[in-house]
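Take a look at the structure set out below.
The values are calculated or read from the model by the stated rules, or taken from the named source; none is laboratory data. No experiment lies behind these values; they were computed from the predicted model shown. Ideal geometry is used to build each Cβ from the backbone, glycine not excepted, and the neighbour counts take in all protein chains shown.
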Amino acid sequence: MIAQPFSLLKPFAERLSVWISAKDDPPRTDDALATELGVSRSASLDQVHGNRVIVVRDALARSEKADGCITDAKDLLLSVRWADCQNFLVYAPDRNIVGLVHVGWRCLVAGTIPSFFRTLESEWGIDGGDTYVCGGPSLCQECSEFSDPLNELTGINPELVHGKRADLRGWALQQLTEAGVHEDRFQRIIDCTRCRADQYWTYRGGHQEEVRAGRSNALLCILR
């Protein structure tokens, strides 16, 4: 696993631990990962490409259908998994609150990112401008091809569509900006999962059977 992959979060390393697991990591259960990383509880979601975001403060074994989770509980391992979709960690250091959100293209259409920030605001009064946001590897624009993107990707800015390819990363950044996230508080790992199929699990890049069987990359974090 790649530990503390985001330089943007280095000032908070004593309070927030972050990892990305990739293709060469052995398969583990969520609880096994938690034990390996020094905590007794893990919380993960049944990700359904929707816009539901939940607050979690205790163990959760993929029993809640949602694509985002937020916690203020310490020593609880949060995780989201993906194989091409975008994935973001959102941290509000003033309140020591962290969340993860899985953002596939259907989530962009459904408004998962706005839903995430509405939850932050309603639960804790936190604005997007109070947060740091970091994104893991995901499909690049050249690998994000659709049959009819302007019709499939309802609500996308047409300027982000180039032929049959769509700039999903650009669309997510627009939604983050609209939520109040500042440019200097955003960082993305630019690796494309499909271009780097040697390093990451990628559905579009040929790992369909493995992904259906449960193999995926993961973004994990723990508040300390």
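Close contacts from the range 127-148, counting a first residue that is at pLDDT 95 or above and buried (at least 21 other Cβ atoms within 10 Å of the Cβ) and a second that is part of a loop (DSSP other than H, G, I, E, B) and aliphatic (A, V, I, L, M), with Cβ to Cβ under 7 Å and a gap of 6+ residues or different chains, come to G128/A179; G128/V181; T131/V181; V133/V181; G135/I189; G136/I189; P137/I189. Tallying residues that are in a loop (DSSP other than H, G, I, E, B), in contact with a helix residue (DSSP H, G or I) (Cβ under 6 Å, 6 or more places away or on another chain) and hydrophobic (A, V, I, L, M, F, W, C) within the range 154-191 yields 3. Each residue in the range 44-80 was checked for being part of a strand (DSSP E or B), of a type outside the set (D, E, K, R) and over 13 Å from V101 (Cα atoms), and 5 of them qualify. Residues that are out of contact with any Pro (no Cβ under 8 Å at 6 or more places or on another chain), within 30 Å of K23 (Cα to Cα) and touching a residue at least 24 places away in the same chain (Cβ under 8 Å) were ranked within the range 153-173; the one that is surrounded by the fewest Cβ atoms within 10 Å (Cβ to Cβ) is G170. Could you go through the range 215-222 and let me know if any residue there is buried (at least 21 other Cβ atoms within 10 Å of the Cβ) and of a type in the set (S, T, Y). Yes.
So that you can scan it fast, the table gives a plain yes or no per residue for (1) modelled with pLDDT under 95; (2) over 16 Å from T131 (Cβ atoms); (3) under 16 Å from the mean Cα position of the chain (by Cα):
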| site | (1), (2), (3) |
| --- | --- |
| L176 | no, no, yes |
| D184 | no, no, no |
| C192 | no, yes, yes |
| W201 | no, yes, yes |
| G206 | yes, yes, no |
| A213 | yes, yes, no |
| A218 | yes, yes, yes |
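Selection of first residues in the range 76-96 that are at positive phi and of second residues that are surrounded by 23 or more Cβ atoms within 10 Å (Cβ to Cβ), restricted to Cβ pairs under 6 Å at least 6 apart or on distinct chains, gives the following pairs, ordered by first then second residue: D84/L139; D84/T193; D84/T202.
Looking at (1) touching a strand residue (DSSP E or B) at 6+ places or on another chain (Cβ under 8 Å); (2) closer than 24 Å to L176 by Cβ; (3) at pLDDT 95 or above, can you tell me which one L76 breaks? Condition not satisfied by L76: (2). Per the conditions (1) of a type in the set (V, I, T); (2) touching a Cys at 6+ places or on another chain (Cβ under 9 Å); (3) closer than 26 Å to R169 by Cα, the sole criterion not satisfied by V56 is (3). Determine whether the range 117-130 contains at least one residue that is more than 25 Å from D58 (Cβ to Cβ) and out of contact with any helix residue (DSSP H, G or I) (no Cβ under 9 Å at 6 or more places or on another chain). No, the range 117-130 contains no residue that is more than 25 Å from D58 (Cβ to Cβ) and out of contact with any helix residue (DSSP H, G or I) (no Cβ under 9 Å at 6 or more places or on another chain). All but one of (1) more than 26 Å from A34 (Cβ to Cβ); (2) surrounded by 20 or more Cβ atoms within 10 Å (Cβ to Cβ); (3) of a type outside the set (K, R) hold for E183; state the number of the condition that does not hold. The number of the failed condition is (2). Scanning the range 82-141 for residues that are out of contact with any Phe, Trp or Tyr (no Cβ under 6 Å at 6 or more places or on another chain), of a type outside the set (A, V, I, L, M, F, W, C) and in a helix (DSSP H, G or I) turns up R106, T112, P114, S115, R118, T119, E121, S122, E123, G129, D130, Q141.
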